[in-house]
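Read through the structure below, which is laid out as structure tokens, and then see the notes.
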Amino acid sequence: MSSTSAKHRNFVSEPMGEKPVTELAGIGEVLGGRLCEAGFDKAYVVLGQFLVLKKDDELFQEWLKETCSANAKQSRDCYTCLKDWCDSFL
């Protein structure tokens, strides 16, 4: 099992609610700003896209790359964060 960041563990430890997109692992202020500009201002809106893409890692990571220029590590961290959250709460 890969190690996860404190940000990741904090995110997956509780319901998502109205958390801003920057609470997602892998998404800092710069990527968060780009996502907000694209209409993805809350973590749950990104979760919606994740679910629309049927939790597919390649599709989701490609979408993040296209939407906010996330690099491979950032998109993988965000994918893993959302996947683990879904495993806990869905």
Exercise for the section: Only residues that are loosely packed, with under 15 Cβ neighbours inside 10 Å and of a type in the set (Lys, Arg): list them for segment 31-59, please. Expected result: Lys54
Handout entry: Selection count, segment 1-12, where residues are hydroxyl-bearing (Ser, Thr, Tyr) and surrounded by 10 or more Cβ atoms within 10 Å (Cβ to Cβ)
Key = 2
Handout entry: Answer residue from segment 7-20, given it is charged (D, E, K, R) and in a helix (DSSP H, G or I) and is nearest to Glu37 (Cα to Cα) among those
Key = Lys7
Problem - Spans of helices (runs of 4 or more DSSP H) in segment 21-90 with at least 2 residues free of Cβ contacts under 8 Å to residues at least 60 places away in the same chain, over 13 Å from the mean Cα position of the chain (by Cα) and more than 15 Å from His8 (Cβ to Cβ) - result: 29-37, 57-68
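No lab work stands behind these numbers, since they all come straight from the coordinates. Since we're looking at a predicted model, the values are computed, not measured. All Cβ positions, glycine included, derive from the backbone under ideal geometry; neighbour counts span all protein chains shown.
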